[in-house]
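So the structure is just underneath, and the comments pick up after that.
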Amino acid sequence: MTALAEDLRTVADGALAWVDAHRAGFALGEDALAVDGEVDLSWKPLGELAQVCATVTRLTEPADPLHARARGLLDFAWQETHEGELFLRLQRLEPFATYPLEVYAALASAGLRHPAFEQAAAVVARTRGWRLTEQDPTRRLGVLRAEERCGVHSLGQAPPGLEQTWLGGLPEPWTFGRDAGYALTHVVFHCSDWGCDAAAVPPVLVAYLTDWLPPWLDTCLEAGMWDLGGELLAVAAVVARTTGEDPPADAWQRLVAARGPAGEVPLDDRDLGDLAAGPGDADGERYFLHHYHSTLMAAFAAVLAGARPDSPPARAAAGHRYGGQGAPA
Amino acid sequence: MEQSGTSTRLQAAVQDLASGVVSALRGGDHAHVVPPAGTDGEAGDLALAAVRVLGADALLPGLLSHTPPDPAELAVFRKAVEAYPPRPDAAPTVRWSHWAMARTLRRADPSSAEPPAEPDTAWLDGATWQVLTHQLAVLAPLALPGEDCAVHRLAQHRPVDVARGFVRAVRRRDWRQAAGAGRWLTLLPGVPDTVGLESGLDFVELMGGQDPLVALQVQAARRMRMGARG
């Protein structure tokens, strides 16, 4: 096993083990169905857990311990939703909210489905009002992908609205910033069905990302933005599944070095001192909130980067159109 | 204390000199930017050292406008070339910068001595795009239309890497490096269009242009782009 392959395996194993050990942090809690419940602290983390684990199970062999762990976490997430029943109840409370469908779609992509919810979602999704829900273009893309996964409609070759996103408009790469970064990573995740269909990313975006990911990644990691850095590593891995390029070894080394004692990855370097100083807080909610997403993203990126490429070598040539200029990171 | 005072005064002299070059590049006329020779003592030493620090770009306005240099200006430039030969252990960028001055002198005054042999580019073999861009930005005076030297040829093979370095420099708010890289990008074939170089140069000037060393590179890049179009 190469040093890079070892790094990828170390990150994936450690991150998913930490997530597993802290699965209670993803539990929905009492206010999951409350009208004023905090979705970002309940349904959102659970949906993110489900999404990452769905991809991990699809890209790993059943005999791989990572696969079994991800499968176990998916079952846990499904149980938290009472095997999908809570989505139906959530929809009755907020029929035109899109997040129930978005979270459900992550579970559905792993084969965990609730037909009655899908039928109910389709009724709502047929309205003009649903289709006219005002959302930023990247989120809209996510909702369309969720609808496709739930059988509401088919997304087709070119996702509508792609050109309205920051990435789809091919902006000057030096205008990249934190918000643009999170938008672009999600455009790639939605286009590629969270890494499972890398070939669905339009070639023009693959070429653009091949050119500009290196400086974005370099500057995010240098600034200790581990969460966005992890997402960009995942994007690089999606792109590499088409181009056949090697993962950026030095970027991965930096992420390995940024991990906490149990394999968890911090959101960023801010507040880390405070978090470490708090006695007995290492298992606390603050620590969880500062680590869960970046740790999930690290596992996601590492599994994607370590998986076999989708493409035959003939297509890989497209990734080397500059004669292998420079180191990727 | 004295040393840091000298260093501050040298930096100020370099900034003044760069401001003069920027004005001349903006005006398009050949204003004299190199201070007259004959100033003795510390002021004269400082002026000479400033010319050495700025390097070949001290004569850039005349070079780009194909205007014959002023003899007095040329005399100071020549003195700076002769007064600061690179030490045997000098960094490659110092050796190249001196070579660029000797070559500029020869171009401006064909009666001058032949420039020394080109230094090598071995130190850039296998350089990461980050290191490459940093070193090229330091050697921005070599980024000239029609230039044919080993550094130029090396840069021509790595346009995407230099463009990545430009993006990195802007993200890190390293305006001097961004401006130097931007100047190289105006000359390199194969730079991806998506980099948006014209608005990128405007942005670098907006954010860092109050530093004459940034403004100089941006102006040089603009003049060379205009030249390429005309």
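The values are calculated or read from the model by the stated rules, or taken from the named source; none is laboratory data. Since the structure is predicted, the reported quantities are computational estimates derived from the model, not experimental observations. We place every Cβ from the backbone using ideal geometry, glycine too, and count neighbours over all the protein chains shown.
List of remarks:
- Members of the range B:105-127 found to be at pLDDT below 95, surrounded by 17 or more Cβ atoms within 10 Å (Cβ to Cβ) and polar (S, T, N, Q), listed by number: B:112
- Options B:177, B:219, B:130: the member that is touching a residue at least 60 places away in the same chain (Cβ under 8 Å) and either touching a strand residue (DSSP E or B) at 6+ places or on another chain (Cβ under 8 Å) or buried (at least 19 other Cβ atoms within 10 Å of the Cβ) (or both): B:219
- Some residue of the range A:29-42 being of a type in the set (Ser, Thr, Tyr), out of contact with any Lys or Arg (no Cβ under 7 Å at 6 or more places or on another chain) and surrounded by fewer than 19 Cβ atoms within 10 Å (Cβ to Cβ): no
- For residue B:227: the one exception among (1) farther than 17 Å from residue B:15 by Cβ; (2) assigned to a helix (DSSP H, G or I); (3) out of contact with any Leu (no Cβ under 8 Å at 6 or more places or on another chain); (4) more than 8 Å from chain A (Cβ to nearest Cβ): (3)
- Residues of the range B:49-73 that turn out to be part of a helix (DSSP H, G or I) and either hydroxyl-bearing (Ser, Thr, Tyr) or not assigned by TED's automatic domain parsing to the domain that holds residue B:100 (or both), as a count: 1
- The condition (being surrounded by 14 or more Cβ atoms within 10 Å (Cβ to Cβ), among the hydroxyl-bearing types (Ser, Thr, Tyr) and farther than 23 Å from residue A:29 by Cα) is satisfied by just one residue among A:81, A:138: A:138.
- For residue B:186, the test of being in contact with a Lys or Arg (Cβ under 9 Å, 6 or more places away or on another chain) and not aromatic (Phe, Trp, Tyr) is passed.
- Look at the range B:13-40: where a residue is part of a loop (DSSP other than H, G, I, E, B) and surrounded by 15 or more Cβ atoms within 10 Å (Cβ to Cβ) and a partner is among the basic types (Lys, Arg) and modelled with pLDDT of 70 or more, sitting 6+ places away or on another chain with Cβ atoms under 7 Å, you get B:37/B:79.
- Matching residues in the range B:190-202 - criterion: being in contact (Cβ under 8 Å) with a residue 24 or more places away in the chain and at the interface with chain A (Cβ under 7 Å from one of its Cβ atoms): B:192, B:195, B:200
- The single condition among (1) buried (at least 20 other Cβ atoms within 10 Å of the Cβ); (2) free of Cβ contacts under 8 Å to residues at least 24 places away in the same chain that residue B:151 does not meet is (2).
- One residue from A:87, A:76 being at pLDDT 95 or above, surrounded by fewer than 20 Cβ atoms within 10 Å (Cβ to Cβ) and of a type in the set (Phe, Trp, Tyr): A:76
- Helices (runs of 4 or more DSSP H) (entirely within the range A:193-258) containing at least 3 residues that are small (Gly, Ala, Ser): A:226-243, A:249-258
- Verdict on residue A:3 being within 30 Å of residue A:246 (Cα to Cα) and touching a residue at least 60 places away in the same chain (Cβ under 8 Å): yes
- Residue count, the range B:151-189 (criterion: in a helix (DSSP H, G or I) and either of a type in the set (Gly, Ala, Ser) or within 11 Å of another protein chain (Cβ to nearest Cβ) (or both)): 19
- Pairs with Cβ under 9 Å, 6+ apart, first in the range B:157-173 and under 25 Å from residue A:224 (Cβ atoms), second among the aromatic types (Phe, Trp, Tyr) and modelled with pLDDT under 95: B:161/A:322
- Being assigned to a helix (DSSP H, G or I), within 18 Å of residue A:235 (Cβ to Cβ) and modelled with pLDDT under 95 is a property that does not hold for residue A:298.
- Residue tally, condition among the aliphatic types (A, V, I, L, M), more than 20 Å from residue B:191 (Cβ to Cβ) and in a loop (DSSP other than H, G, I, E, B), over the range B:103-150: 2
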